[in-house]
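Only one structure is covered here, and it is reproduced in the block below.
Since every read-out is calculated from the coordinates, none of them should be taken as a lab result. Here the structure is a predicted model, which means the values were calculated and not measured. Note: ideal-geometry Cβ built from the backbone for every residue, glycine included; neighbour counts use all protein chains shown.
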Amino acid sequence: MALRFTPTAARRFATPSTFGSKSSLSETLALLPPLQLYRRLLRVHRKKLDPEMRILGDMYLKAEFRAHRSVENPLHIIGFLTEWQLYAQKLEGDTWVGEKLDKSKLDKMSDQQIGQLYELMQAIQNKDGGGEGEDEGEGKA
């Protein structure tokens, strides 16, 4: 029987976990079921992000949750929910402002994830500076 990314399947894994990043290693985290976490994230975006960033954040959030709807790997599900829950906690506590991405997380990312991260960075730069830094590093082969 395949495990589906459903509230029922996620509840099986909704136990204290220390899976994920450095910050999660120091504190025990009870994972929220996917639908509750999704709603919490949308609420946090509404309260903490300016309108333009909220639109970008909501679109990305919705796309990621849709893309992971049929994930069957339990470790992938736990990792996905853990990282999104940590993100919500950071936004709620304003500890995300000016924070840089941890190198160990970057090293674990697939080429596709790095591509998504780059596209997100470009979208943010286009929003903030009208395209500043778009061609950074190009043509220096």
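Descriptive notes on the structure:
- Here the simple spin-label model places points 7 Å from the Cα toward Cβ, and for L75 and L120 these points are separated by 2.2 nm.
- Computed E for R46/K90 - FRET, C-beta separation, R0 25 angstrom, nearest 0.05: 0.95
- FRET E, pair Q113, L35, Förster distance 25 Å, beta-carbon r, rounded to 0.05: 0.55
- Sorted on the mean count of surrounding Cβ atoms within 10 Å across their residues, most packed first, peptides 110-122, 70-82 read 70-82, 110-122.
- Using a cut-off of 22 Å between Cα atoms, the listed pairs K103/K127; K48/K90; K47/K90; K47/K127; K48/K105 include K103/K127; K48/K105 as exceeding that distance.
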